Amino acid sequence: MLFLSPGPRRARTIRRAAPPIRHTARPIWRTAHALAAGAAVVLAAAACSPAGSIEAADVPEWKATALPAAAGVVVEDAGKILNRDPVVKTAPGIGAGSYVLTITCEGGGKAFFDVSLDGTRLTEAGAACNGSRETVRIKVPAAGTLQIGASSVDAPLIYAYHLVPAA
C-alpha cells in the first residue's frame with residue numbers, strides 16, 4: 001500500500017532554542033556577589049581594627065578628645081589595659097548621693113567597669129571600645145570608699161572615665 005501525501009516533503013531541522021539570558025548571566029552574578037562579599041569582609045575587618053598601636057598610644061592626649069572635661073569630677077582615671085588583669089582606682093571619702101559615670105574606650109571589643117562601695121558592689125557597666133561614650137547613673141547609699149575597676153577580655157585597649165554628681 002502506498003500512501004500519498006499532498007505537497008512536497010520538506011526536510012525538517014530541529015533547532016534548539018538559545019538558553020535564556022538569565023541562565024547565561026548566572027555565573028557572572030555569582031562571581032560578582034562573591035567579590036562583593038569578600039570586599040565587605042575586608043572592609044569590616046579594617047573598620048574594627050584599632051587605628052594605631054594601643055601599646056604606643058598617648059593616653060592623656062587620647063583622653064582629652066575622647067572624654068571631654070566635666071565640672072565637679074569626683075573621681076577619674078584613664079589608662080591602658082594590656083592584659084586581662086583589672087585596673088582598680090580607689091577614691092576614699094565619697095559622699096552619699098546620685099552620680100553619673102561616663103566611660104569610653106578604644107581598641108576593639110568591650111571594657112567593663114565594676115563600681116563598689118566599701119567592698120559592696122553597686123553596679124557594673126560596659127562600653128563598646130569604638131570611641132563612643134556610655135553613661136551610667138549610680139546611687140551611692142552612704143559615704144565611704146569607692147572603687148572602680150576597669151577590665152576587659154579584649155585587651156589591649158585604652159579607657160577613660162569620670163564620675164560626677166548627678167544634676
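The values are calculated or read from the model by the stated rules, or taken from the named source; none is laboratory data. All figures in this text were calculated on a predicted structure; none of them were measured in a lab. Using ideal geometry, Cβ is built from the backbone for each residue, glycine included, and neighbour counts are taken over all protein chains shown.
Before moving on, here are some points about what is shown:
- Candidate set from segment 90-124 (those that are under 21 Å from residue 66 (Cα atoms) and of a type in the set (Ser, Thr, Tyr)); member that is surrounded by the most Cβ atoms within 10 Å (Cβ to Cβ): 104
- Among the residues making up segment 125-167, a single one is in contact with a helix residue (DSSP H, G or I) (Cβ under 7 Å, 6 or more places away or on another chain) and surrounded by fewer than 19 Cβ atoms within 10 Å (Cβ to Cβ): 131.
- Here residue 68 clears all of (1) closer than 23 Å to residue 164 by Cβ; (2) more than 18 Å from the chain's Cα centre (by Cα); (3) at pLDDT 90 or above except the condition numbered (3).
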